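The values are calculated or read from the model by the stated rules, or taken from the named source; none is laboratory data. Model, not experiment: these values are computed from the prediction. Because the Cβ atoms are built from the backbone with ideal geometry, glycine has one as well, and the counts that use them run over all protein chains shown.
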Amino acid sequence: MKLSIIIPVYNEEKTLQKIVQRVVAVDLGKIDKEIIIVDDASTDKTLEIIKELKLKNKDIKVYSHEKNKGKGAAIRTALKYITGDIFVIQDGDLEYNPENFKRLIHPILEKKFKVVYGSRMLGKRTGFVFYSYYFGNKLLSLLTKILYFQNITDMETCYKVISIDVLKKIFPLESNSFDIEPEITAKIIMAGYKILELPINYHCRSFEEGKKIRWKDGVVAIYKLIKYRFIR
């Protein structure tokens, strides 16, 4: 059994080395790991750091975009090369703790669920709290419940742990930006899968620290939730 860990990055020179070290350090027992990092045309030293990390760890695969395309595009690039039985998305900052992998993959390993989300709303949140984004996420989660009849508390979470056979059912993905989150969620539910949510601890960073999502991404997310519900 293997877990593929996808890390889409753009200008994360300050945090990337530390988060990759944390990912590598997570002990999953008999579960193998592969780390797939996709650099989305960073303009800082991110790509140099990635190449250095790859030299130190044979389990790291590296791909890069010549032009900046967005988080969704980086994830779609990574999905072409995964070889694991399960995959998870890991942001290149320090907001999410990879130690959560152990608990999140457990229901899939026990064959009880095919999809597990790590919910920030159910766990402990620290750091800079953006109340506009907090309530925006609550709105998106409520809309998901109304449109898709599943009670999701954190539709926008990065920690989406998904079995490879589910990926085959929702492929291909088309989103290039943060709208990859509602697309994945909508297509999973429309394919007939139940999403299990488990609490995770989360440390939110500020825009000064590199946070990238903006309010307009929420507007696009609403459109995508409606689109994938009614347009096949």
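Looking only at residues in region 27-46 that are surrounded by fewer than 17 Cβ atoms within 10 Å (Cβ to Cβ) and not basic (Lys, Arg), the one that is nearest to Ile7 (Cα to Cα) is Ala41. The strands (runs of 3 or more DSSP E) found entirely in region 120-232 that carry 3 or more residues being surrounded by 13 or more Cβ atoms within 10 Å (Cβ to Cβ) and modelled with pLDDT of 90 or more are 160-163, 195-199.
The residues of region 69-92 that are among the small types (Gly, Ala, Ser) and crowded, with 24+ Cβ neighbours inside 10 Å, listed by number, are Ala74, Gly92.
Might you check whether a residue that is out of contact with any helix residue (DSSP H, G or I) (no Cβ under 6 Å at 6 or more places or on another chain), part of a loop (DSSP other than H, G, I, E, B) and over 22 Å from Leu3 (Cα atoms) occurs anywhere in region 87-104? No, there is no match, as no residue in region 87-104 is out of contact with any helix residue (DSSP H, G or I) (no Cβ under 6 Å at 6 or more places or on another chain), part of a loop (DSSP other than H, G, I, E, B) and over 22 Å from Leu3 (Cα atoms).
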